[in-house]
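Okay, structure first, notes after.
The values are calculated or read from the model by the stated rules, or taken from the named source; none is laboratory data. Please read these numbers as outputs of a predicted model, since none were measured by experiment. So basically every Cβ, Gly included, is an ideal-geometry build from the backbone, and we count neighbours across all protein chains shown. Just the protein is used for accessible areas: all its heavy atoms, side chains included, with ligands, DNA and RNA removed. Shrake-Rupley method; radii C 1.70, N 1.55, O 1.52, S 1.80 Å.
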Amino acid sequence: MPFESTTTSLLTISLTIIASLAVFLWLIRNAQWLANLLALPRDALQTLLGMSAKLACSAHHISGFRKKRIREDLCNYSPLFKFVSIEHRGNTTLASLGSLISTKAHYDPIVGSSLIPSEQVENNPPLNFPGAIPTSVNLRRSLKTLVRRSHQPIQTMVQEQIRRDAQASLDTRALIVVHGHEILAEAYGPDITANTRLLGWSMSKSLLALLFGRMETLGLADAARTSLFPEWCDDDRNHISLQNLLQMCDGLEFDETYSPGTDATRMLFGNLPASRYALQRKIKFQPGTHFSYSSGSTNLIARWIHRELGGTQKALTFWQQEFLKPLGLTSMLLELDNDGVFIGSSYGFATAAEWARLGALLLHKGQLNRGNCTPGFLDHEWITRATQPNTSNNDPRYGYQLWLNGTRQQASNLPPMYPGLPEDSYFMLGNREQKLMVAPDKNAVVLRLGWSATPYPAEERFGEILHSLPT
């Protein structure tokens, strides 16, 4: 055998032995993790891969996050995510465990990111989406976001709060203070800018409620309406009203626990479109009598909007022409499920300033501009209804997809959600401690966006800001 051939063979054998030894040592070091992975039931694997593909695809294409942040955000939920391989190929994101099992998600600029079903959904025609529309309204100018010198103490305060949050591993990514018609202060975490589109998680529920409110203002919807879906016509679900869904007092069975195999994870990370999954839930309580927080309720509202407006194309046109454009929202995106229905429960993205704009809209009772005497973007009466306690027997502290701090308008033995904050304040809240507070008595909105596995000290932080507002 020639010397070169012998050397090559020896080198190949040596590399093989070294690689095998490295794999063996890795297996020993990670034996428990591998055992945990192998022991995961099918639902857990589906959740692990579905979350990885969906969230990574959105974070990469919509928020512009790098691989390191995406990986850290996923591992914030569970260390098991570190074993998932994530690869971006053009507009497709592949999440896989070895070479045996994988899940894909696809990104579209209008639709957002969505999981690709393992089996193609039948009778689901291709969708033609309207392009993004230009708008002449400048959000940051309309809210006067430039920080004035007289408010430098509040600007310094929010920057200091973000610094303290970083020390406490709270990962606050954006903090904005609105007073009246002005943004007094805004600050951002590392690698986050005023142009970064951030996931609101369940703040998206409040966004969808505002979209519904716009329909009501235009005479296209009525919260009292029942007989919502043909699939419900032969059972007690036919008595559920849109208001019941808005207040999450519909009585439907839905497990909101975020664990493998629950309704919440199957709906968001399974093969069935989210709104269609929610449509199949059975009724447990008489509508209007029992509050139960449910992402399924929100996605049923989204499905009703989709049908009422005439399908995906018309719903997107309404969303763009009658909601985004009048509000001057140029970054906001509400992703769709594979039936072309908004996933209103969870997947809204926008810059921090545009999320704050929604809070300002609520603060000013649906009016777009200061001193505007013309009819509002949202009817004043709709805002009043949206911020009233619900009709349930167990917890009235929830309005139209908005959390109510107190229930002054209705007798209740339950304490305020945040005793240290104004009783008339109400909130848009989301997973990983997304918090937007509207405080009418203080004429203020405070927004915090971030990625925290532990509770965010909203009473302390927001209370400090409210105490320092100019009178």
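With a probe of 1.4 Å, find how much accessible area the range 329-471 has per residue, and write the answer as a whole number in Å².
35 Å²
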- Once phi for every residue in the range 229-236 is put through the Karplus expression 6.51 cos²θ - 1.76 cosθ + 1.60 (θ = phi - 60°), the whole-Hz ³J(HN,Hα) values, with Gly and Pro written as x, are 9, x, 5, 9, 5, 9, 9, 5
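With N set to the number of residues, divide the alpha-carbon radius of gyration of the range 316-471 by 2.2 N^0.38 Å and report two decimals.
Details: Rg = 16.3 Å, N = 156, 2.2 N^0.38 = 15.0 Å.
This ratio for the range 316-471 stands at 1.09.
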- How big is the gap, in Å, between the Cα center of the range 324-366 and the Cα center of the range 282-302? 22 Å
- Could you run the Debye sum over the Cα atoms of the range 212-287, one equal point scatterer each and no solvent, and tell me log10 of I(q)/I(0) at q = 0.20, 0.24, 0.25 Å⁻¹, two decimals? -0.95, -1.14, -1.17
- In whole percent, how big is the carbon plus sulfur part of the accessible area of the range 299-422, probe 1.4 Å, protein atoms only? 50 percent
- Item | Across K205/K325; K67/K325; K67/K314; K365/K442, pairs whose alpha-carbon gap is larger than 24 Å | K67/K325; K67/K314
- Using the Cα centre as the reference, give the magnitude of the dipole from point charges on the C-beta atoms of the range 159-237 (Lys, Arg: +1; Asp, Glu: -1; all else neutral), rounded to the nearest 20 debye. 280 debye
- Query: Which three extents, in whole angstrom, do the alpha-carbon atoms of the range 248-325 cover along their principal axes, largest first?
  - Reply: 37, 30, 20
- Message: List the residues, sorted by chain then number, that are 5 or more residues from L198 or on another chain and whose placed amide H is less than 5 Å from its amide H.
- Response: A350, T351, A352
- Message: Using the basic label-point model (7 angstrom from Cα toward the beta carbon), what is the Q313 to T454 distance in nanometres?
- Response: 5.3 nm
